[in-house]
Amino acid sequence: MTIVLYDLASRDDLRFSPNCWRTRLALAHKGLAADAVPTRFTEIADICGGGQKTIPVIEDGDSTVADSWQIANYLEETYADAPSLFGGAAGREYARFVQAWVQSQIHTRLARLIIKDVHDILTPEDQGYFRESRERAFRRSLEEIHAARDAHVDDLRRALTPVRQVIESQPFLGGEAPLYPDYLVFSALQWGRTTGSLALMADDDPLNAWVERCLDLHGGLARSAPARAT
Ligand SMILES: N[C@@H](CCC(=O)N[C@@H](CS)C(=O)NCC(=O)O)C(=O)O
């Protein structure tokens, strides 16, 4: 049975959410067919009978699972015979650390760089919601954040140093093949790739080779995703 994934979408149906990309890649890793239903910020409250605040959310038969971490665990347990997302119990605990690092160190830095780009691709209804909620959270206008972004690119690149150091000696964070930590980090960069008008990596960054490998995974799932024209 096809799993339904409520997937954040722009006005032009770009799929840009880092949290939803984690789930899309996790589903593909497990070899599961998924229908990624385009969902706008202002539609989230109406999905699955109401009550959801964020996406991704999946429906798998009678099961509804919210939160990308809960979904990864659900998939790992429910589809235990399919390739593992974590590589065992200890790997699962390490993946939690990687997730916390990505959220606190990478998403926060990326948001400063691309927040205006995200706004610009949304539907008019979503733009109103997004501007109001994000300007309240950042206590600055989207335009002010955007105007300062060039000064922060190097900060993001420096923050990715731990990934760069590992990738210099192995193809994926998971070793010879990707595991969920690869999807956690890569999905953040896919957020920038799909929405951004800015080159996140320098041309000679060793991380580019790993990004290319991730773009190729699962039949080029992430590479084939439409991105904003620059
Ligand atoms: N902890 C959640 C966070 C999910 C999340 O924040 N999703 C964003 C999209 S990337 C969202 O739905 N935001 C709704 C909003 O800002 O109103 C997860 O990992 O799934």
Subject >> Verdict on Asp7 being within 21 Å of Asp120 (Cα to Cα) and either over 17 Å from the mean Cα position of the chain (by Cα) or away from the ligand (no atom under 13 Å from the Cβ) (or both) >> reply: no
Original post:
Among (1) part of a helix (DSSP H, G or I); (2) over 14 Å from Pro18 (Cα atoms), which single condition is Gln190 missing?
Top reply: (2)
**OP:** Check segment 58-71 and report whether any residue there is surrounded by 24 or more Cβ atoms within 10 Å (Cβ to Cβ) and more than 8 Å from the ligand (Cβ to nearest atom).
**Re:** yes
Original post:
What number of residues within segment 60-78 are part of a loop (DSSP other than H, G, I, E, B) and farther than 18 Å from Asp7 by Cα?
Top reply: 1
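Sort through Ala90, Ala34 and tell me the only one that's away from the ligand (no atom under 16 Å from the Cβ) and not acidic (Asp, Glu). Please lay out each step first, then the result.
Numbers: Ala34 fails: away from the ligand (no atom under 16 Å from the Cβ).
The conditions single out Ala90.
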Original post:
Out of segment 130-155, which residues are surrounded by 14 or more Cβ atoms within 10 Å (Cβ to Cβ) and either in contact with a His (Cβ under 8 Å, 6 or more places away or on another chain) or in a helix (DSSP H, G or I) (or both)?
Top reply: Phe130, Arg131, Arg134, Glu135, Phe138, Leu142, Ile145, His146, Arg149, His152, Val153
**OP:** Kindly check whether there is at least one residue in segment 213-228 that is under 17 Å from His29 (Cα atoms), hydroxyl-bearing (Ser, Thr, Tyr) and free of Cβ contacts under 8 Å to residues at least 12 places away in the same chain.
**Re:** yes
Original post:
Quick one: what pairs do we get from segment 17-36, first residue closer than 15 Å to Trp69 by Cβ, second within 8 Å of the ligand (Cβ to nearest atom) and in a strand (DSSP E or B), C-beta under 7 Å, 6+ apart or different chains?
Top reply: Ser17/Leu8; Cys20/Leu8
Original post:
Taking only pairs six or more apart or across chains, which ones have beta-carbon atoms under 9 Å, a first residue in segment 59-82 that is at positive phi, and a second residue that is near the ligand (Cβ under 10 Å from one of its atoms)?
Top reply: Asp67/Asn19; Asp67/Thr54; Asp67/Pro56; Asp67/Val57
**OP:** Please list, ordered by first then second residue, the pairs with beta carbon atoms under 7 Å, 6 or more apart or interchain, first in segment 93-109 and closer than 21 Å to His146 by Cβ, second surrounded by fewer than 19 Cβ atoms within 10 Å (Cβ to Cβ) and of a type outside the set (A, V, I, L, M, F, W, C).
**Re:** Arg109/His152; Arg109/Asp155
Original post:
Any chance segment 108-117 includes a residue that's of a type outside the set (Asp, Glu), more than 16 Å from the chain's Cα centre (by Cα) and at pLDDT 95 or above?
Top reply: yes
Original post:
Mind checking which pairs have a first residue in segment 151-170 that is at pLDDT 95 or above and a second that is in a helix (DSSP H, G or I), Cβ under 6 Å, 6 or more apart or different chains?
Top reply: Asp155/Arg109; Leu156/Arg109; Ala159/Gln105; Ala159/Arg109; Val163/Val185; Arg164/Leu207; Ile167/Trp210
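The values are calculated or read from the model by the stated rules, or taken from the named source; none is laboratory data. All figures in this text were calculated on a predicted structure; none of them were measured in a lab. Every residue, glycine as well, gets a Cβ built from its backbone with ideal geometry; the counts of neighbours run over all protein chains shown.
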